[in-house]
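Notes follow once the structure below has been shown.
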Amino acid sequence: MSGSARRFRAPSADLVVLLVLLVLFGMAFVQARAWPFRTALFPTGTAIFVVAIILLKLLLDARSAGRARAVLAAPPILPLPPTVGGDAASAALIEEEAATEAEAEDVFSTTSRSVWLRSLAWLGGFFVLVWAAGLLVAIPIFAFAYLVVESRERRLTAAIYAVVSWVVIYGLFDQLLRIQLPSSAVLGLAGQ
Amino acid sequence: MDILIGSLFAVLEPSTFGLMLVGIAIGFVVGILPGLGGAVTLALMLPFTYSMSPVTAFAFLLGMHSVTATTGDITSVLFGIPGEATTAATVFDGYPMTRRGEAGRALGAVLFSSLVGAVFGAFVLAISVPVIRPIVLAFGPPEFFMLTVLGLSFVISLARRNVLKGFIMAGLGFFLAMVGLDPQAGIPRYTFGQLYLWEGINLVPVVVGLFGMAEVLQLMMTKSSIASAEQRSVGRITGVMQGVRDTFTHWWLTLRCSAIGVAIGLIPGMGGAVSQFIAYAHAQQTSRHPEEFGKGSIEGVLAAGSVNNAKEGGALIPTLAFGIPAGTAMAILLSAFLVTGLVPGPDMLGKNLNVTYAMVWTIVIANVITVAVSFLFLQQLARITFVKGSLLVPFLLVLLALGAYTANNSFADILVMLVFGAIGVGAIRFNWPRAPLLLAMVLGDTTERYLFLSYSLFQWSWVTRPLVLLLAVVTLLGVFWPLIARLRAGRGQPGRGSAPSVRAARVG
């Protein structure tokens with residue numbers, strides 16, 4: 001993907017986030033109006049402050065996107081000198097934007113959609129299993145399945161891992177530290 | 001001096017020392033495991049102290065409590081999951097160092113700076129008890145309110161280059177702090193009819209989700225070890241002593257952050273969750289390389305390491321001298337006074353001074369032992385970061401689930417953790433700073449409470465109190481210092497005069 005195309009993608013994500021937050025804080029403001037003064041003071045103040053910052057951010061983003069577009073549209077004749085002036089400012093702006101994007105070049109932005117979906121499915125599956133069956137049941141099942149399917153470990157290794165993790169969690173948390181572990185919601189519902 | 005030495009021997013008495021070692025062992029494990037808070041463990045262990053003498057009881061309880069932050073740093077550095085809510089700031093730079101294969105150096109630095117912080121806090125406790133009374137009494141709700149404002153001003157530093165995004169995240173954190181029953185009128189705010197939300201959103205699932213879940217998801221996607229492949233090929237962690245040397249190289253920073261820990265620890269209601277961010281932001285603000293913060297800066301690691309252990313000494317001062325607990329853990333410790341038949345206050349500075357000094361020694365000895373044991377097992381601990389990522393995933397998911405669940409023993413906490421996990425992932429993906437959200441969330445309700453208390457007690461006349469004005473000036477200086485420094489730098493470099501304005505336009 002070309003650098004220019006990537007430059008215009010990030011602000012659009014920010015735009016969505018900003019608009020969602022704008023709606024969220026707008027609703028928070030409206031809800032706070034129904035409360036007595038002291039109860040409403042901080043929520044109202046926070047909402048007004050954040051809405052103002054969001055609007056300012058939207059304005060600055062729109063302006064910098066316009067500048068960046070203008071600079072990119074211009075023919076690349078010579079490198080821009082690092083001196084005072086509008087073009088230099090825009091160049092610095094783009095340079096800084098590119099640097100920021102390079103920093104954000106992390107796993108999340110480079111991973112393919114299929115890996116994203118698979119990882120989220122495993123993550124979601126684990127917590128659904130914990131909710132449905134309880135942690136002590138979920139641990140060995142998840143550990144075995146994840147290691148065999150996703151990590152391509154041998155079945156014996158996965159089985160040992162599953163048993164050891166169950167023993168550690170049960171022995172350390174349940175028996176030794178007497179920590180309450182998440183229990184099965186399904187069994188809980190069935191018992192009612 | 002006799003009492004000081006006598007109390008040392010009292011702590012080293014075999015039965016007392018043995019129970020202190022048991023406490024240290026429990027604190028060691030509790031600190032490493034995410035979500036298991038030191039305060040909860042104190043509460044669980046309190047019933048065991050009924051038959052103990054005061055010195056033995058505090059050696060056991062304080063020995064346990066004072067090391068949780070030390071070992072909590074280990075989990076933060078190695079896995080990016082805060083072992084304690086008070087070690088979240090260690091993740092910012094400790095974990096990036098681990099990922100680039102510098103786990104040994106990060107652990108060496110964080111453990112040794114923790115030890116320095118703990119000794120500093122204990123030293124301040126020892127020398128300040130007789131003279132602290134007028135200082136603490138000079139602080140009322142207005143001064144505490146201004147301190148929270150000062151703390152909030154550090155959002156600018158924590159936001160780094162994304163100041164506007166930092167403000168928005170801080171606003172979100174402030175808004176989250178408002179969730180729950182309003183302390184003024186008892187009216188539920190933003191609870192949407194959910195009883196769970198009446199007590200507000202617990203900080204632990206938020207911290208675990210915001211920082212821990214994003215790291216586990218990254219590990220699930222890459223399946224590689226936490227440390228880099230090149231480092232894995234070396235097979236052995238190095239740089240531990242480099243980390244220790246870093247503490248000496250940046251000794252002034254370590255002491256400053258320790259002092260911040262003591263000062264914040266003194267203030268009721270502020271606690272370690274606040275002090276770590278303030279110290280971290282201070283370190284970034286005063287660093288010659290602020291751009292390295294968040295990417296594996298050793299200064300960031302040292303700041304976070306020293307502050308969270310120094311705060312214990314500070315927090316004990318109002319607890320001992322006035323019976324005013326500085327936080328939840330100190331409130332539980334206060335009940336230990338009642339259990340052992342002690343009355344906090346002037347007696348702790350006179351009749352029971354030996355118990356006070358025994359506490360000082362307990363903090364020092366417990367931390368020396370913990371750091372020594374940690375150093376012994378450092379190679380083994382850091383080797384975990386070379387294990388294939390997919391093998392760690394089930395183990396880390398269990399830690400995430402337990403870390404969140406143990407906050408209230410409610411599955412709703414796991415849901416909260418998942419929501420904040422999604423926010424954390426989004427924040428990394430789209431370059432939004434996470435720390436300002438946490439700082440504002442921690443300080444939100446304290447700010448509100450102290451403002452209304454100040455108004456109820458003094459109307460608006462509190463704004464003219466000398467300490468309030470002094471703190472206001474310090475806050476303004478902190479806010480505008482980066483701008484002043486930038487302008488001064490701009491004047492020193494001809495031809496770069498436009499740079500500040502360009503950056504100013506891009507602060508978001």
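Structure notes:
- For the criterion of being surrounded by fewer than 24 Cβ atoms within 10 Å (Cβ to Cβ) and either within 14 Å of chain A (Cβ to nearest Cβ) or hydroxyl-bearing (Ser, Thr, Tyr) (or both), B:Met45 passes.
- Among the residues of region B:284-311, those identified as outside any helix (DSSP H, G or I) and in contact (Cβ under 8 Å) with a residue 60 or more places away in the chain are B:Phe293, B:Gly294, B:Lys295, B:Gly296, B:Ser297.
- Residues that are modelled with pLDDT under 90, assigned to a loop (DSSP other than H, G, I, E, B) and more than 7 Å from chain B (Cβ to nearest Cβ) do not occur anywhere in region A:11-29.
- Members of region A:112-136 that are under 21 Å from B:Tyr405 (Cβ atoms), more than 8 Å from chain B (Cβ to nearest Cβ) and open to solvent by less than 60 Å² (accessible area, probe 1.4 Å): A:Gly124, A:Gly125, A:Leu129, A:Ala132, A:Ala133, A:Gly134, A:Leu136
- Any hit, region B:224-233, residues being modelled with pLDDT of 75 or more and buried (at least 17 other Cβ atoms within 10 Å of the Cβ): no
- In region A:152-185, of all residues being closer than 23 Å to A:Ala132 by Cβ and of a type in the set (Gly, Ala, Ser), the one that is most open to solvent (accessible area, probe 1.4 Å) corresponds to A:Ser183.
- Residue within region A:58-65 that is at negative phi, more than 9 Å from chain B (Cβ to nearest Cβ) and modelled with pLDDT under 90 present: yes
- Segments classed as helices (runs of 4 or more DSSP H), wholly inside region A:107-157, with at least 3 members that are over 29 Å from A:Gly188 (Cβ atoms): A:107-110, A:113-133
- Count of residues meeting criterion [within 8 Å of chain A (Cβ to nearest Cβ), surrounded by 21 or more Cβ atoms within 10 Å (Cβ to Cβ) and among the hydrophobic types (A, V, I, L, M, F, W, C)] in region B:399-424: 3
- Lone unmet requirement of (1) under 18 Å from B:Met221 (Cβ atoms); (2) within 9 Å of another protein chain (Cβ to nearest Cβ) for A:Val149: (2)
Residue-wise test of (1) of a type in the set (A, V, I, L, M); (2) modelled with pLDDT under 85; (3) crowded, with 24+ Cβ neighbours inside 10 Å.
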position	(1), (2), (3)
B:Ala59	yes, no, yes
B:Glu84	no, yes, yes
B:Thr98	no, yes, yes
B:Leu107	yes, no, yes
B:Leu111	yes, no, yes
B:Gly117	no, no, yes
B:Val131	yes, yes, no
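- Residue identified as crowded, with 19+ Cβ neighbours inside 10 Å, more than 10 Å from every other protein chain (Cβ to nearest Cβ) and within 22 Å of A:Ala145 (Cβ to Cβ) among B:Leu437, B:Leu396, B:Leu378: B:Leu396
The values are calculated or read from the model by the stated rules, or taken from the named source; none is laboratory data. Since we're looking at a predicted model, the values are computed, not measured. Here Cβ is always computed from backbone atoms with ideal geometry, including for glycine, and neighbour counts include all displayed protein chains. Keep in mind that these areas ignore ligands, DNA and RNA; they rest on the heavy atoms of the full protein, side chains included. Shrake-Rupley method; radii C 1.70, N 1.55, O 1.52, S 1.80 Å.
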